[in-house]
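Each remark here refers to the structure printed beneath this line.
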Amino acid sequence: TSIDQHLPNCTGQCLPDWANNINGAPVVNGTTRLFDWVVDLAKKAQERGVIKGIIFHQGENDAGESDWPSKVNQYVTALRTELNLDAAEVPFVAGELPRTGGSAASHNPLVQQIPNVVENGHYVSSGPMPDGTVLGDRSDGIHWSTESVIEMGKRYAAKMLDAQGK
């Protein structure tokens, strides 16, 4: 999905037309407002615990669009506001796309701008492992392989802990 479809002010043409295919997503008037859905899920999570950080992985549809970082900032700022989260206490971590895919060359430099655009914003690299192993996709140029998902999960966790000073 495009970052535009995640923004709180998304209406009309920016709304996804595939809402009926999102497992568990509420459909209202024939579509799902993604921002509202995320806020609803996060508020349910807050009933049971404390949100300590936000992990974000998005971008194939917006690869190369220079305004992507500012739209991500709009998104995370709105989320923090809706959920009453202090940016200083709740890091935001975005991840690069697989370097084996076609979108990485134009999108990963945008992801690397997140620390300069988003308050308490960070990013994780999709670069090779120390032994040179490339983090790859599942032969579709877009979605991570199982091994790469596991590695990216470790990188997200390490970055989140680092951002929280732990």
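The values are calculated or read from the model by the stated rules, or taken from the named source; none is laboratory data. If you're wondering where the values come from, they're calculated on a predicted model, not measured in any experiment. Glycine gets a Cβ as well: all are built from the backbone with ideal geometry, and neighbour counts include every protein chain shown. Note: areas computed on protein heavy atoms with side chains; ligands, DNA, RNA excluded. Shrake-Rupley method; radii C 1.70, N 1.55, O 1.52, S 1.80 Å.
Residues considered: A105, A63. Of these, the only one that is farther than 16 Å from E119 by Cβ and open to solvent by 40 Å² or more (accessible area, probe 1.4 Å) is A105. The set of residues in segment 46-60 that are more than 20 Å from P109 (Cβ to Cβ) and open to solvent by less than 70 Å² (accessible area, probe 1.4 Å) comprises Q46, G49, I51, G53, I54.
Would you confirm, using the coordinates I've provided, whether A87 is farther than 15 Å from E60 by Cβ, surrounded by 15 or more Cβ atoms within 10 Å (Cβ to Cβ) and at pLDDT 90 or above?
Numbers: farther than 15 Å from E60 by Cβ: yes; surrounded by 15 or more Cβ atoms within 10 Å (Cβ to Cβ): yes; at pLDDT 90 or above: yes.
Yes: the conditions hold for A87.
Please state which of the following conditions V38 fails to meet, knowing it meets all the rest: (1) open to solvent by 70 Å² or more (accessible area, probe 1.4 Å); (2) at pLDDT 90 or above; (3) outside any loop (DSSP other than H, G, I, E, B). Evaluating V38 over (1) open to solvent by 70 Å² or more (accessible area, probe 1.4 Å); (2) at pLDDT 90 or above; (3) outside any loop (DSSP other than H, G, I, E, B) leaves (1) as the failure.
Of everything in segment 16-35 that's surrounded by 15 or more Cβ atoms within 10 Å (Cβ to Cβ) and either under 25 Å from I114 (Cβ atoms) or in contact with a helix residue (DSSP H, G or I) (Cβ under 6 Å, 6 or more places away or on another chain) (or both), which residue is modelled with the lowest pLDDT? Out of the qualifying residues, it is P16. Scanning segment 119-166 for residues that are open to solvent by 50 Å² or more (accessible area, probe 1.4 Å), of a type in the set (S, T, Y) and either within 27 Å of K71 (Cα to Cα) or not in a loop (DSSP other than H, G, I, E, B) (or both) yields Y123, T146.
Here is a check on your reading of the model: is A88 outside any helix (DSSP H, G or I), more than 16 Å from the chain's Cα centre (by Cα), farther than 21 Å from S148 by Cβ and of a type in the set (G, A, S)? Judged against the criteria, A88 is a match.
Count of segment 99-115 residues, restricted to those that are under 22 Å from E147 (Cβ atoms) and either in contact with a helix residue (DSSP H, G or I) (Cβ under 6 Å, 6 or more places away or on another chain) or among the polar types (S, T, N, Q) (or both), is 3.
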